[in-house]
Amino acid sequence: MDKYVKEYEISSFLTLYGAHWPSFQTEANLLIVTGMEEHAFRYQDFAFFMNKEGFDVYAVDYYGQGENVTYGGMPKQEVPDGAFELFVDHLGQIASEIKKDGKPLYILGHSMGSFQSQRFLQKFPGLVDKAVIVGSNGPSVLFGLGKVLAYLTVTKNNQNKESKFLASLSIGAYAKSVKNARTPADWLSYNPENVDAFIANPLDGGPSSKGFYKELLKGTSNLYKKKALDAISKDLPIFFIAGQDDPVGGHGKGVVKLHRFYEKLGFKNAKLKIYPHMRHEILNETNKSEVYQDVLNFLK
């Protein structure tokens, strides 16, 4: 087992896997929540950068993704019933364990992880001191529509089968948004080395199961209810960041909408930055050092 692989003992029946990059002089902890169809070790460069600044960095992979596939946490792309909410509960359990060292704890969620991190803030108010929301999107009727389509097409008999239809509405649409693309994954970033590494790694990419999409869309469709958001302290510092050319966030527009949504609810320390000439994975772009520094400045 790689020295940075981390086992998160959830119960006697379940172990989730991810990574842990310790700092020599820990001043604070950062928990990374990974995105869809990727794995924890894609954040190693960023983690090493944060280590040098005194951050212990943890990352946890979603059910059926990343190290969970490698080490047997769950078969690829399979998810349990109620997966979105259940995973957020597991994040709360993991964060509580990390928090026991008494040092500040921050959360950073990318893409799918950005939505799970927002739900985490609702369910576990006060557990983290700051949050970074990366590559997300704002409230949209499309979440509800996607949920309806998922419920109409997903059954117990087919939930572990590939969902070409739902994939065409998400990943497929993102791929088509890039004109003259070199690969189907160009929507991830302008950085060709990052795109090629994603394509080459068997832990990255699809296909995702019908059940995966159903649980994700069920979770995101319930994310922006005022009662749940009222549980979060309006003083919590939140940093929304995204690439201007990111199709997931509507090329910046959806993230601006998300930031305004939080501001209208009274969040006093919600910050926003949209990066020009960056796509979805701003932590993996060629000019990622700017993003690294901005995240560090926000957390410190």
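The values are calculated or read from the model by the stated rules, or taken from the named source; none is laboratory data. Quick caveat: nothing in here was measured; it's all calculated off a predicted structure. Cβ atoms come from the backbone with ideal geometry, glycine included; neighbour counts cover every protein chain shown.
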Of the residues Val88, Val69, which single one is under 26 Å from Asn157 (Cα atoms), surrounded by fewer than 24 Cβ atoms within 10 Å (Cβ to Cβ) and modelled with pLDDT of 95 or more?
Val88
Sole exception among (1) free of Cβ contacts under 8 Å to residues at least 60 places away in the same chain; (2) loosely packed, with under 14 Cβ neighbours inside 10 Å for Met1, by number
(1)
Looking only at the stretch 198-205, decide whether some residue is under 15 Å from Glu37 (Cβ atoms), part of a helix (DSSP H, G or I) and free of Cβ contacts under 8 Å to residues at least 12 places away in the same chain.
yes
Please state which one of Ala167, Ala173, Ala150 is assigned to a helix (DSSP H, G or I), in contact with a Lys or Arg (Cβ under 9 Å, 6 or more places away or on another chain) and either modelled with pLDDT under 95 or of a type in the set (Asp, Glu) (or both).
Ala150
Of these, Asp186, Asp246, which one is touching a His at 6+ places or on another chain (Cβ under 9 Å), modelled with pLDDT of 95 or more and buried (at least 18 other Cβ atoms within 10 Å of the Cβ)?
Asp246
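Each row is one residue, and each column tells you yes or no for (1) aliphatic (A, V, I, L, M); (2) on the phi < 0 side of the Ramachandran plot; (3) at pLDDT below 95.
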| site | (1), (2), (3) |
| --- | --- |
| Tyr224 | no, yes, yes |
| Leu229 | yes, yes, yes |
| Pro237 | no, yes, no |
| Ile241 | yes, yes, no |
| Lys253 | no, yes, yes |
| Ala270 | yes, yes, no |
With the requirement that a residue be among the aliphatic types (A, V, I, L, M), farther than 30 Å from Ala173 by Cα and part of a loop (DSSP other than H, G, I, E, B), what does the stretch 262-300 give you?
Leu265
Taking only pairs six or more apart or across chains, which ones have beta-carbon atoms under 6 Å, a first residue in the stretch 248-275 that is within 20 Å of Gly35 (Cα to Cα), and a second residue that is among the β-branched types (Val, Ile, Thr) and surrounded by 14 or more Cβ atoms within 10 Å (Cβ to Cβ)?
Gly249/Val255; Gly252/Ile274; Lys273/Ile241; Tyr275/Ile282
Return a yes/no flag: does the stretch 51-65 have any residue that is among the aliphatic types (A, V, I, L, M) and closer than 30 Å to Ser163 by Cα.
yes
